[in-house]
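The values are calculated or read from the model by the stated rules, or taken from the named source; none is laboratory data. Remember, predicted model here, so these are calculated numbers, not experimental data. All Cβ positions, glycine included, derive from the backbone under ideal geometry; neighbour counts span all protein chains shown. In case anyone asks, the SASA skips ligands and DNA or RNA and just uses the protein heavy atoms, side chains included. Shrake-Rupley method; radii C 1.70, N 1.55, O 1.52, S 1.80 Å.
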Amino acid sequence: MELKLYDTLTREKRAFRPLDPARVRMYVCGPTVYDFAHIGNARPVIVFDVLFRLLRHRYGAGHVTYVRNITDVDDKINARAAEEYPSLPLNEAIRIVTEKTERQFHDDVDALGCLRPTVEPRATEHVDEMKALIEKLVAAGHAYVAEGHVLFSVPSMPDYGRLSNRSLEEMEAGARVEVAPYKKDAKDFVLWKPSKPGEPAWPSPCGIAAPGRPGWHIECSAMSWKHLGEMFDIHGGGIDLVFPHHENEIAQSRCSFHTPVMANFWMHNGFLQVEGEKMSKSLGNFFTIRELLADWPGEVLRFNMLRTHYRQPIDWTLNGVAESFNTLEALTADPGFASSKVEAIAPSVLEALSDDLNTPKAIAELHALHGKGDMAALNTTLRALGFSQRPQSRRRVDAQKVSALIDARLAARKAKNFKEADRLRDELHAMGIELEDKRDGTTAWKVKA
RNA sequence: GGCCACGUGGCGGAGUGGUUACGCAACGGUCUGCAAAACCGUGUACCCCGGUUCAAUUCCGGGCGUGGCCUCCA
(Lines give C-alpha, C1' and ligand atoms only; values in the text may rest on other atoms or scores of the structure.)
Protein backbone atom coordinates (compact mmCIF):
# COMPACT_ATOMS: atom_id res chain seq x y z
CA MET A 1 0.00 0.00 0.00
CA GLU A 2 1.14 3.52 -0.57
CA LEU A 3 2.40 5.90 2.04
CA LYS A 4 0.21 8.91 2.67
CA LEU A 5 1.39 11.96 4.54
CA TYR A 6 -0.31 15.17 5.53
CA ASP A 7 1.30 18.26 4.04
CA THR A 8 0.90 21.50 5.96
CA LEU A 9 1.53 23.53 2.81
CA THR A 10 -1.35 22.09 0.79
CA ARG A 11 -3.42 21.12 3.82
CA GLU A 12 -4.14 17.68 2.49
CA LYS A 13 -3.11 14.11 3.01
CA ARG A 14 -1.65 12.72 -0.18
CA ALA A 15 0.52 9.95 -1.54
CA PHE A 16 4.21 10.30 -0.80
CA ARG A 17 6.43 10.01 -3.85
CA PRO A 18 10.07 10.77 -3.24
CA LEU A 19 11.90 12.90 -5.78
CA ASP A 20 14.47 10.11 -5.92
CA PRO A 21 13.45 6.76 -4.41
CA ALA A 22 17.10 5.83 -4.16
CA ARG A 23 17.67 8.78 -1.86
CA VAL A 24 14.69 9.82 0.22
CA ARG A 25 15.51 13.08 1.96
CA MET A 26 14.12 14.42 5.22
CA TYR A 27 15.10 17.47 7.25
CA VAL A 28 13.88 18.10 10.80
CA CYS A 29 14.61 21.14 12.91
CA GLY A 30 16.76 20.06 15.83
CA PRO A 31 17.62 21.45 19.23
CA THR A 32 19.24 24.71 20.21
CA VAL A 33 21.84 23.42 22.59
CA TYR A 34 21.90 25.47 25.76
CA ASP A 35 19.93 23.37 28.28
CA PHE A 36 18.36 19.98 28.88
CA ALA A 37 15.68 19.13 26.35
CA HIS A 38 12.16 18.99 27.79
CA ILE A 39 9.43 16.49 27.09
CA GLY A 40 7.90 18.79 24.49
CA ASN A 41 11.18 18.72 22.60
CA ALA A 42 11.02 14.95 22.66
CA ARG A 43 7.85 14.81 20.62
CA PRO A 44 9.26 15.71 17.17
CA VAL A 45 12.35 13.65 17.87
CA ILE A 46 10.26 10.54 18.53
CA VAL A 47 7.66 11.19 15.84
CA PHE A 48 10.19 11.74 13.08
CA ASP A 49 12.22 8.80 14.31
CA VAL A 50 9.19 6.64 13.61
CA LEU A 51 8.89 8.20 10.17
CA PHE A 52 12.61 7.63 9.57
CA ARG A 53 12.17 3.97 10.50
CA LEU A 54 9.12 3.66 8.27
CA LEU A 55 10.94 5.23 5.31
CA ARG A 56 13.92 2.94 5.86
CA HIS A 57 11.57 0.00 5.87
CA ARG A 58 9.89 1.07 2.67
CA TYR A 59 12.87 2.33 0.67
CA GLY A 60 15.77 0.49 2.27
CA ALA A 61 17.92 1.66 5.15
CA GLY A 62 20.65 2.87 2.82
CA HIS A 63 18.26 4.96 0.76
CA VAL A 64 17.03 7.42 3.35
CA THR A 65 18.93 10.51 4.42
CA TYR A 66 17.68 12.10 7.62
CA VAL A 67 19.19 15.44 8.57
CA ARG A 68 18.56 17.00 11.95
CA ASN A 69 20.51 20.12 12.71
CA ILE A 70 22.10 21.27 15.93
CA THR A 71 21.76 25.00 16.49
CA ASP A 72 24.90 26.10 18.28
CA VAL A 73 24.76 29.81 17.64
CA ASP A 74 22.00 31.67 19.45
CA ASP A 75 21.46 34.44 21.98
CA LYS A 76 20.18 31.98 24.56
CA ILE A 77 23.40 30.01 24.26
CA ASN A 78 25.45 33.16 24.72
CA ALA A 79 23.44 34.13 27.77
CA ARG A 80 23.73 30.71 29.32
CA ALA A 81 27.47 30.54 28.67
CA ALA A 82 28.08 33.93 30.23
CA GLU A 83 26.00 32.98 33.23
CA GLU A 84 27.59 29.59 33.85
CA TYR A 85 31.21 30.41 33.05
CA PRO A 86 31.62 34.11 33.76
CA SER A 87 35.38 33.83 34.16
CA LEU A 88 36.00 32.24 30.77
CA PRO A 89 36.18 34.02 27.43
CA LEU A 90 32.68 33.90 25.96
CA ASN A 91 33.59 31.78 22.95
CA GLU A 92 35.22 29.17 25.12
CA ALA A 93 32.24 29.14 27.49
CA ILE A 94 29.91 28.74 24.53
CA ARG A 95 31.85 25.76 23.28
CA ILE A 96 31.62 24.08 26.67
CA VAL A 97 27.88 24.72 26.91
CA THR A 98 27.05 23.52 23.40
CA GLU A 99 29.19 20.40 23.59
CA LYS A 100 27.85 19.46 26.99
CA THR A 101 24.26 20.06 25.95
CA GLU A 102 24.69 18.12 22.75
CA ARG A 103 25.95 15.11 24.71
CA GLN A 104 23.00 15.37 27.10
CA PHE A 105 20.60 15.55 24.19
CA HIS A 106 22.09 12.47 22.57
CA ASP A 107 21.97 10.49 25.79
CA ASP A 108 18.35 11.44 26.29
CA VAL A 109 17.07 10.63 22.82
CA ASP A 110 19.11 7.44 22.70
CA ALA A 111 17.24 6.38 25.84
CA LEU A 112 13.99 7.15 24.04
CA GLY A 113 14.88 4.56 21.41
CA CYS A 114 15.57 7.05 18.64
CA LEU A 115 18.04 6.27 15.90
CA ARG A 116 20.68 8.87 15.19
CA PRO A 117 19.93 10.84 12.05
CA THR A 118 22.12 10.23 9.03
CA VAL A 119 23.66 13.69 9.45
CA GLU A 120 23.57 16.09 12.41
CA PRO A 121 25.07 19.26 11.04
CA ARG A 122 26.06 22.14 13.30
CA ALA A 123 25.18 25.67 12.36
CA THR A 124 28.63 27.01 13.14
CA GLU A 125 30.15 24.59 10.64
CA HIS A 126 27.96 25.92 7.82
CA VAL A 127 28.56 29.63 7.97
CA ASP A 128 30.15 29.56 4.51
CA GLU A 129 27.00 28.06 3.03
CA MET A 130 24.86 30.63 4.83
CA LYS A 131 26.95 33.44 3.44
CA ALA A 132 26.75 31.95 -0.05
CA LEU A 133 22.94 31.93 0.20
CA ILE A 134 22.90 35.49 1.48
CA GLU A 135 25.06 36.63 -1.43
CA LYS A 136 22.72 34.89 -3.87
CA LEU A 137 19.68 36.54 -2.31
CA VAL A 138 21.21 39.99 -2.47
CA ALA A 139 22.29 39.45 -6.06
CA ALA A 140 18.78 38.34 -7.01
CA GLY A 141 17.20 41.39 -5.38
CA HIS A 142 15.53 39.41 -2.59
CA ALA A 143 17.76 40.85 0.11
CA TYR A 144 19.54 44.10 0.89
CA VAL A 145 22.28 45.46 3.10
CA ALA A 146 21.44 48.07 5.75
CA GLU A 147 23.60 49.30 8.62
CA GLY A 148 25.73 46.20 8.76
CA HIS A 149 22.70 43.91 8.52
CA VAL A 150 21.50 41.88 5.62
CA LEU A 151 17.72 41.66 5.46
CA PHE A 152 15.40 39.52 3.43
CA SER A 153 12.90 41.61 1.55
CA VAL A 154 9.58 39.92 2.17
CA PRO A 155 7.63 41.97 -0.43
CA SER A 156 10.06 40.66 -3.05
CA MET A 157 8.39 37.28 -2.77
CA PRO A 158 4.77 37.47 -3.96
CA ASP A 159 3.61 34.19 -2.46
CA TYR A 160 5.32 34.62 0.89
CA GLY A 161 3.03 33.32 3.64
CA ARG A 162 1.56 30.28 1.93
CA LEU A 163 2.72 27.79 4.52
CA SER A 164 1.18 29.65 7.44
CA ASN A 165 -1.76 30.73 5.31
CA ARG A 166 -1.47 34.41 5.87
CA SER A 167 -1.35 37.12 3.29
CA LEU A 168 1.08 40.00 3.23
CA GLU A 169 -1.76 42.40 4.01
CA GLU A 170 -2.82 40.42 7.05
CA MET A 171 0.68 40.47 8.42
CA GLU A 172 0.86 44.19 7.84
CA ALA A 173 -2.17 44.65 10.05
CA GLY A 174 -0.95 42.31 12.76
CA ALA A 175 2.49 43.83 13.16
CA ARG A 176 2.98 44.28 16.87
CA VAL A 177 6.68 44.65 17.29
CA GLU A 178 8.59 47.83 16.99
CA VAL A 179 10.18 47.97 13.58
CA ALA A 180 13.92 48.43 13.37
CA PRO A 181 14.63 51.69 11.52
CA TYR A 182 16.91 50.09 8.92
CA LYS A 183 14.17 47.76 7.67
CA LYS A 184 12.56 48.71 4.37
CA ASP A 185 9.45 46.80 5.32
CA ALA A 186 8.18 45.78 8.72
CA LYS A 187 8.03 42.13 7.65
CA ASP A 188 11.63 41.92 6.48
CA PHE A 189 13.73 39.60 8.55
CA VAL A 190 17.41 39.35 9.38
CA LEU A 191 19.75 37.12 7.41
CA TRP A 192 22.94 38.49 8.94
CA LYS A 193 23.60 40.91 11.76
CA PRO A 194 26.63 42.57 13.33
CA SER A 195 28.14 40.87 16.36
CA LYS A 196 28.71 42.75 19.57
CA PRO A 197 32.25 42.69 20.91
CA GLY A 198 33.01 39.31 22.48
CA GLU A 199 30.15 37.55 20.77
CA PRO A 200 30.71 34.82 18.22
CA ALA A 201 31.59 36.52 14.95
CA TRP A 202 32.50 35.62 11.40
CA PRO A 203 33.69 37.72 8.46
CA SER A 204 30.56 39.23 6.96
CA PRO A 205 29.20 38.71 3.44
CA CYS A 206 28.20 41.38 0.93
CA GLY A 207 31.17 43.62 1.55
CA ILE A 208 30.20 44.43 5.13
CA ALA A 209 33.37 45.33 6.96
CA ALA A 210 32.37 44.52 10.51
CA PRO A 211 32.22 40.87 11.53
CA GLY A 212 28.79 39.45 12.20
CA ARG A 213 26.68 36.37 12.74
CA PRO A 214 23.80 34.68 10.99
CA GLY A 215 20.13 35.34 11.62
CA TRP A 216 17.95 32.63 13.05
CA HIS A 217 16.42 31.13 9.92
CA ILE A 218 19.28 30.99 7.46
CA GLU A 219 21.04 28.03 9.03
CA CYS A 220 18.31 25.58 8.10
CA SER A 221 18.25 26.76 4.51
CA ALA A 222 22.03 26.37 4.38
CA MET A 223 22.23 22.97 6.03
CA SER A 224 19.37 21.42 4.11
CA TRP A 225 20.93 22.71 0.89
CA LYS A 226 24.34 21.33 1.77
CA HIS A 227 23.13 17.90 2.82
CA LEU A 228 19.91 17.40 0.85
CA GLY A 229 20.03 19.73 -2.12
CA GLU A 230 17.92 22.60 -3.41
CA MET A 231 14.69 20.63 -3.14
CA PHE A 232 13.97 17.62 -1.00
CA ASP A 233 11.13 15.41 0.18
CA ILE A 234 10.13 16.11 3.76
CA HIS A 235 10.69 18.97 6.16
CA GLY A 236 9.49 18.50 9.72
CA GLY A 237 9.26 20.22 13.06
CA GLY A 238 6.91 21.45 15.74
CA ILE A 239 3.78 23.30 14.68
CA ASP A 240 5.01 26.44 16.41
CA LEU A 241 7.78 26.65 13.81
CA VAL A 242 5.37 27.13 10.92
CA PHE A 243 5.58 30.86 11.40
CA PRO A 244 7.93 32.53 11.14
CA HIS A 245 10.74 29.98 11.02
CA HIS A 246 9.62 27.65 8.26
CA GLU A 247 7.97 30.41 6.31
CA ASN A 248 11.29 32.24 6.26
CA GLU A 249 13.27 29.14 5.42
CA ILE A 250 11.04 28.68 2.42
CA ALA A 251 11.53 32.27 1.37
CA GLN A 252 15.31 31.99 1.63
CA SER A 253 15.65 28.67 -0.13
CA ARG A 254 13.13 29.18 -2.89
CA CYS A 255 14.36 32.66 -3.71
CA SER A 256 17.95 31.39 -3.78
CA PHE A 257 17.25 28.48 -6.07
CA HIS A 258 14.13 29.61 -7.92
CA THR A 259 12.31 26.44 -6.98
CA PRO A 260 8.53 25.94 -6.72
CA VAL A 261 8.82 24.43 -3.24
CA MET A 262 11.60 23.88 -0.73
CA ALA A 263 10.26 20.48 0.37
CA ASN A 264 7.41 18.47 -1.07
CA PHE A 265 5.92 17.64 2.30
CA TRP A 266 5.84 19.87 5.37
CA MET A 267 5.05 17.93 8.50
CA HIS A 268 4.33 19.47 11.89
CA ASN A 269 3.70 17.76 15.17
CA GLY A 270 1.11 19.15 17.57
CA PHE A 271 1.85 20.74 20.90
CA LEU A 272 2.15 19.07 24.24
CA GLN A 273 0.44 20.02 27.46
CA VAL A 274 1.11 18.63 30.91
CA GLU A 275 -1.81 17.57 33.09
CA GLY A 276 -4.12 19.72 31.01
CA GLU A 277 -2.09 22.88 31.29
CA LYS A 278 0.54 24.57 29.24
CA MET A 279 3.93 23.37 30.37
CA SER A 280 5.77 26.16 32.09
CA LYS A 281 8.31 26.55 34.81
CA SER A 282 6.05 28.84 36.81
CA LEU A 283 3.27 26.26 36.95
CA GLY A 284 5.74 23.69 38.18
CA ASN A 285 4.78 21.24 35.46
CA PHE A 286 7.93 21.61 33.42
CA PHE A 287 9.71 18.32 32.82
CA THR A 288 12.98 17.63 31.11
CA ILE A 289 13.49 14.31 29.39
CA ARG A 290 16.24 13.67 31.90
CA GLU A 291 13.91 14.12 34.87
CA LEU A 292 11.31 11.78 33.43
CA LEU A 293 13.97 9.18 32.64
CA ALA A 294 14.80 9.08 36.34
CA ASP A 295 11.32 7.72 37.03
CA TRP A 296 10.38 5.93 33.84
CA PRO A 297 12.10 3.74 31.28
CA GLY A 298 12.70 5.50 27.98
CA GLU A 299 10.59 3.01 26.07
CA VAL A 300 7.60 3.87 28.26
CA LEU A 301 8.01 7.57 27.47
CA ARG A 302 8.31 6.68 23.79
CA PHE A 303 5.20 4.51 23.90
CA ASN A 304 3.26 7.18 25.72
CA MET A 305 4.17 9.71 23.06
CA LEU A 306 3.07 7.43 20.25
CA ARG A 307 -0.33 6.66 21.75
CA THR A 308 -1.43 10.04 20.42
CA HIS A 309 -1.37 10.85 16.72
CA TYR A 310 1.45 13.27 15.96
CA ARG A 311 -0.78 16.07 14.69
CA GLN A 312 -3.11 15.95 17.69
CA PRO A 313 -2.42 17.93 20.80
CA ILE A 314 -1.15 15.60 23.50
CA ASP A 315 -1.90 15.91 27.18
CA TRP A 316 1.07 14.43 29.01
CA THR A 317 -0.14 13.02 32.34
CA LEU A 318 1.30 10.87 35.08
CA ASN A 319 -1.69 8.54 34.77
CA GLY A 320 -1.10 8.21 31.07
CA VAL A 321 2.56 7.32 31.53
CA ALA A 322 1.68 4.73 34.16
CA GLU A 323 -0.90 3.26 31.81
CA SER A 324 1.71 3.15 29.06
CA PHE A 325 3.99 1.25 31.39
CA ASN A 326 1.36 -1.40 32.03
CA THR A 327 0.40 -1.68 28.39
CA LEU A 328 3.95 -1.93 27.11
CA GLU A 329 4.79 -4.43 29.80
CA ALA A 330 1.93 -6.63 28.62
CA LEU A 331 2.88 -6.28 24.96
CA THR A 332 6.50 -7.24 25.65
CA ALA A 333 5.77 -10.14 27.98
CA ASP A 334 6.61 -12.88 25.50
CA PRO A 335 10.08 -14.34 26.25
CA GLY A 336 10.84 -14.26 22.54
CA PHE A 337 10.81 -10.48 22.63
CA ALA A 338 13.89 -10.28 24.78
CA SER A 339 15.81 -12.95 22.92
CA SER A 340 15.28 -11.99 19.29
CA LYS A 341 16.71 -8.89 17.69
CA VAL A 342 14.91 -9.33 14.38
CA GLU A 343 13.07 -6.25 13.12
CA ALA A 344 10.10 -6.45 10.77
CA ILE A 345 6.86 -4.54 10.51
CA ALA A 346 3.69 -6.62 10.45
CA PRO A 347 1.41 -5.78 7.49
CA SER A 348 -1.43 -4.48 9.66
CA VAL A 349 0.93 -2.16 11.53
CA LEU A 350 2.59 -1.05 8.31
CA GLU A 351 -0.80 -0.15 6.93
CA ALA A 352 -1.63 1.97 9.97
CA LEU A 353 1.71 3.76 9.88
CA SER A 354 1.41 4.32 6.16
CA ASP A 355 -1.74 6.33 6.79
CA ASP A 356 -0.02 9.53 7.88
CA LEU A 357 1.79 7.81 10.73
CA ASN A 358 -1.31 6.63 12.55
CA THR A 359 0.50 5.34 15.61
CA PRO A 360 -2.61 4.92 17.81
CA LYS A 361 -4.02 2.63 15.13
CA ALA A 362 -0.67 0.87 14.89
CA ILE A 363 -0.75 0.25 18.64
CA ALA A 364 -4.26 -1.16 18.34
CA GLU A 365 -2.89 -3.52 15.70
CA LEU A 366 -0.14 -4.55 18.09
CA HIS A 367 -2.87 -5.49 20.55
CA ALA A 368 -4.58 -7.46 17.81
CA LEU A 369 -1.37 -9.42 17.17
CA HIS A 370 -1.09 -10.01 20.89
CA GLY A 371 -4.69 -11.19 21.05
CA LYS A 372 -4.18 -13.56 18.14
CA GLY A 373 -1.10 -14.95 19.82
CA ASP A 374 1.11 -14.02 16.88
CA MET A 375 4.07 -13.33 19.13
CA ALA A 376 6.70 -13.54 16.41
CA ALA A 377 5.07 -10.73 14.45
CA LEU A 378 4.44 -8.72 17.61
CA ASN A 379 8.03 -9.00 18.79
CA THR A 380 9.67 -8.11 15.51
CA THR A 381 7.29 -5.21 14.95
CA LEU A 382 7.92 -3.78 18.40
CA ARG A 383 11.63 -3.87 17.67
CA ALA A 384 11.15 -2.24 14.30
CA LEU A 385 9.27 0.56 16.05
CA GLY A 386 12.19 1.19 18.37
CA PHE A 387 11.18 -0.80 21.44
CA SER A 388 14.21 -2.81 22.35
CA GLN A 389 13.50 -3.95 25.86
CA ARG A 390 10.75 -4.73 28.31
CA PRO A 391 10.14 -1.84 30.69
CA GLN A 392 11.77 -2.24 34.09
CA SER A 393 10.54 -0.20 36.99
CA ARG A 394 12.84 2.59 38.08
CA ARG A 395 11.82 2.21 41.70
CA ARG A 396 14.75 1.34 43.84
CA VAL A 397 14.20 -1.60 46.16
CA ASP A 398 16.30 -3.35 48.72
CA ALA A 399 16.40 -6.83 47.25
CA GLN A 400 17.76 -8.37 50.43
CA LYS A 401 14.95 -6.93 52.48
CA VAL A 402 12.43 -8.10 49.92
CA SER A 403 13.68 -11.67 49.97
CA ALA A 404 13.77 -11.67 53.75
CA LEU A 405 10.14 -10.58 53.86
CA ILE A 406 9.17 -13.12 51.23
CA ASP A 407 10.91 -15.89 53.16
CA ALA A 408 9.09 -14.83 56.29
CA ARG A 409 5.82 -14.86 54.42
CA LEU A 410 6.47 -18.31 52.98
CA ALA A 411 7.22 -19.57 56.46
CA ALA A 412 4.04 -18.02 57.80
CA ARG A 413 2.03 -19.62 55.02
CA LYS A 414 3.59 -22.97 55.70
CA ALA A 415 2.53 -22.58 59.32
CA LYS A 416 -0.94 -21.60 58.07
CA ASN A 417 -0.53 -18.26 59.76
CA PHE A 418 -2.32 -16.52 56.93
CA LYS A 419 -2.96 -13.34 58.85
CA GLU A 420 0.77 -12.78 59.23
CA ALA A 421 1.39 -13.82 55.64
CA ASP A 422 -1.08 -11.26 54.37
CA ARG A 423 0.37 -8.57 56.60
CA LEU A 424 3.80 -9.24 55.08
CA ARG A 425 2.35 -9.11 51.62
CA ASP A 426 0.76 -5.74 52.39
CA GLU A 427 4.08 -4.51 53.68
CA LEU A 428 5.78 -5.54 50.45
CA HIS A 429 2.94 -4.05 48.47
CA ALA A 430 3.54 -0.72 50.15
CA MET A 431 7.15 -0.95 48.95
CA GLY A 432 5.89 -1.37 45.39
CA ILE A 433 6.49 -5.11 45.31
CA GLU A 434 3.99 -7.36 43.61
CA LEU A 435 4.04 -11.04 44.60
CA GLU A 436 3.12 -14.04 42.56
CA ASP A 437 2.83 -17.41 44.28
CA LYS A 438 3.88 -20.08 41.85
CA ARG A 439 2.43 -23.56 41.70
CA ASP A 440 5.72 -25.08 42.77
CA GLY A 441 5.52 -23.30 46.11
CA THR A 442 7.98 -20.52 45.34
CA THR A 443 7.10 -16.86 45.18
CA ALA A 444 8.13 -14.61 42.31
CA TRP A 445 8.13 -10.86 42.69
CA LYS A 446 8.45 -7.79 40.61
CA VAL A 447 8.62 -4.08 41.15
CA LYS A 448 5.55 -2.17 40.09
CA ALA A 449 5.77 0.92 37.91
C1' G B 1 -8.24 41.41 16.70
C1' G B 2 -6.26 37.95 12.49
C1' C B 3 -4.89 32.88 11.22
C1' C B 4 -4.95 27.59 12.61
C1' A B 5 -6.03 23.13 15.23
C1' C B 6 -8.85 20.18 18.51
C1' G B 7 -13.62 18.61 21.51
C1' U B 8 -15.70 10.40 21.17
C1' G B 9 -17.61 5.93 27.21
C1' G B 10 -13.96 6.82 34.15
C1' C B 11 -9.13 7.65 31.17
C1' G B 12 -6.26 7.12 26.44
C1' G B 13 -7.87 6.66 21.61
C1' A B 14 -9.31 4.58 16.25
C1' G B 15 -13.03 5.05 12.97
C1' U B 16 -17.62 5.48 10.39
C1' G B 17 -23.66 8.50 6.97
C1' G B 18 -27.27 3.13 9.23
C1' U B 19 -23.57 -2.99 11.97
C1' U B 20 -18.84 -4.70 18.79
C1' A B 21 -13.05 -0.47 17.54
C1' C B 22 -9.02 -1.36 20.54
C1' G B 23 -6.33 -0.56 25.11
C1' C B 24 -6.03 0.96 30.41
C1' A B 25 -8.90 1.17 34.69
C1' A B 26 -13.38 -0.94 36.99
C1' C B 27 -16.68 -5.01 37.88
C1' G B 28 -18.08 -10.49 37.71
C1' G B 29 -16.11 -15.55 36.99
C1' U B 30 -12.21 -19.60 36.78
C1' C B 31 -7.72 -20.36 39.59
C1' U B 32 -5.80 -19.32 44.78
C1' G B 33 -5.73 -20.30 52.05
C1' C B 34 -6.56 -15.16 50.40
C1' A B 35 -4.26 -12.55 46.59
C1' A B 36 -1.35 -11.55 42.27
C1' A B 37 -0.56 -13.15 37.29
C1' A B 38 -3.17 -15.61 33.43
C1' C B 39 -7.66 -16.81 30.99
C1' C B 40 -13.12 -15.97 30.22
C1' G B 41 -17.01 -12.41 30.50
C1' U B 42 -19.39 -7.36 31.28
C1' G B 43 -19.34 -1.04 28.83
C1' U B 44 -23.74 1.21 23.34
C1' A B 45 -19.87 7.02 24.23
C1' C B 46 -19.29 10.54 20.26
C1' C B 47 -19.56 19.38 23.23
C1' C B 48 -24.36 22.39 22.10
C1' C B 49 -28.01 24.31 18.50
C1' G B 50 -29.79 24.37 13.66
C1' G B 51 -29.67 22.33 8.45
C1' U B 52 -29.19 18.36 4.56
C1' U B 53 -30.90 13.09 4.71
C1' C B 54 -35.24 7.63 5.16
C1' A B 55 -30.97 7.86 8.64
C1' A B 56 -25.48 12.11 11.47
C1' U B 57 -21.03 11.04 16.31
C1' U B 58 -19.68 10.99 10.94
C1' C B 59 -21.59 16.11 5.85
C1' C B 60 -22.89 21.76 6.07
C1' G B 61 -23.71 26.35 9.08
C1' G B 62 -23.63 28.74 13.75
C1' G B 63 -22.32 28.65 18.90
C1' C B 64 -19.53 27.21 23.22
C1' G B 65 -15.01 25.32 25.21
C1' U B 66 -9.66 24.17 25.06
C1' G B 67 -5.03 24.95 22.86
C1' G B 68 -1.41 26.98 19.27
C1' C B 69 0.72 30.87 16.12
C1' C B 70 0.88 36.23 15.04
C1' U B 71 7.45 37.88 19.68
C1' C B 72 12.17 33.35 21.48
C1' C B 73 9.79 28.45 21.79
C1' A B 74 8.91 21.37 19.59
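Tabulated results
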{"read-out": "In degrees, nearest ten, helix A:90-111 long axis to first principal axis of chain A (Cα)", "value": "40 degrees"}
{"read-out": "log10 of Debye I(q)/I(0), alpha-carbon scatterers only, for the range A:105-217 at 0.15, 0.24 Å⁻¹", "value": "-0.80, -1.28"}
{"read-out": "Spatially proximal lysines relative to residue A:419 (Cα-Cα < 28 Å; intrachain offsets below 8 disregarded)", "value": "A:401, A:438, A:446, A:448"}
{"read-out": "Electrostatic dipole magnitude of chain A [Cβ: Lys, Arg +1; Asp, Glu -1; Cα centre; debye, to 20]", "value": "1100 debye"}
{"read-out": "Accessible area of residue A:340 in the full protein assembly, 1.4 Å probe (Å², nearest 10)", "value": "40 Å²"}
{"read-out": "Principal axis dimensions, largest first and in whole angstrom, of the range A:380-438 by Cα", "value": "50, 23, 16"}
{"read-out": "For the range A:399-447: relative contact order, % (alpha-carbon pairs under 8 angstrom, 6 or more apart)", "value": "27 percent"}
{"read-out": "Zone residues, the range A:119-154, relative to residue A:179, backbone N less than 16 Å from point 7 Å out along Cα-to-Cβ", "value": "A:144, A:146, A:151-154"}
{"read-out": "Of all DSSP beta bridges in the range A:14-269, antiparallel share, percent nearest 5", "value": "40 percent"}
{"read-out": "Cα gyration tensor category, rounded, prolate or oblate, for the range A:39-193 with a/c compared to 1.5", "value": "oblate"}
{"read-out": "Accessible surface, chain A, averaged per residue in Å² (probe 1.4 Å)", "value": "46 Å²"}
{"read-out": "Two-decimal log10 I(q)/I(0) for the range A:265-380, as the Debye equation yields it once each C-alpha is a single scatterer, q = 0.13 Å⁻¹", "value": "-0.59"}
{"read-out": "Length-normalised contact order for the range A:343-419 - Cα pairs under 8 Å, 6+ apart - percent", "value": "30 percent"}
{"read-out": "Alpha-carbon Rg with Dmax, taken over the range A:320-381, Å", "value": "11.5, 32"}
{"read-out": "FRET efficiency, residue A:408 to residue A:447 (Cβ-Cβ, R0 22 Å, nearest 0.05)", "value": "0.70"}
{"read-out": "Isotropically averaged projected area of the range A:13-118, using the convex hull of Cα atoms (one quarter of hull area), nm²", "value": "7.9 nm²"}
{"read-out": "Selection from A:444, A:415, A:403, by position along the positive dipole direction of the range A:399-447 (Cβ)", "value": "A:415"}
{"read-out": "Entries in A:131/A:183; A:278/A:372; A:100/A:193 that, when Cα-Cα distance is taken, lie over 29 Å", "value": "A:278/A:372"}
{"read-out": "Long-range amide H partners of residue A:153 with built H, under 5 Å", "value": "A:143, A:144"}
{"read-out": "Cβ-placed point charges (K, R +1; D, E -1), dipole of the range A:399-447 about Cα centre in debye, nearest 20", "value": "160 debye"}
{"read-out": "Bridge type composition, the range A:1-87 - antiparallel percent by DSSP, nearest 5", "value": "40 percent"}
{"read-out": "Largest to smallest principal axis extent of the C-alpha atoms in chain A, angstrom", "value": "92, 57, 39"}
{"read-out": "Positive-end residue, the range A:14-269 charge dipole about Cα centroid, Cβ charges, pick of A:123, A:139, A:54", "value": "A:54"}
{"read-out": "Calculated over the range A:350-421: convex hull of Cα atoms, volume per residue (Å³)", "value": "173 Å³"}
{"read-out": "Of all DSSP beta bridges in chain A, antiparallel share, percent nearest 5", "value": "50 percent"}
{"read-out": "Amide H contacts under 5 Å for residue A:65, placed H, 5+ residues apart", "value": "A:24, A:25, A:26"}
{"read-out": "Gain on full stretching of the segment that runs from residue A:119 to residue A:285 - 0.36 nm per residue minus C-alpha separation", "value": "56.5 nm"}
{"read-out": "HN-Hα J in Hz across the range A:254-265 - Karplus 6.51, -1.76, 1.60, θ = phi - 60°, x for Gly and Pro", "value": "5, 6, 6, 10, 6, 9, x, 9, 8, 9, 6, 10"}
{"read-out": "Accessible area, probe 1.4 Å, largest first, for residues A:57, A:227", "value": "A:57, A:227"}
{"read-out": "Residues with amide H under 5 Å from that of residue A:315, placed H, sequence gap 5 or more", "value": "A:273"}
{"read-out": "Protein accessible area in chain A, 1.4 Å probe - carbon and sulfur %", "value": "51 percent"}
{"read-out": "Largest-first principal axis extents of the Cα set of the range A:61-104 (Å)", "value": "47, 17, 14"}
{"read-out": "The range A:272-384 - percent relative contact order, Cα under 8 Å, separation 6 or more", "value": "27 percent"}
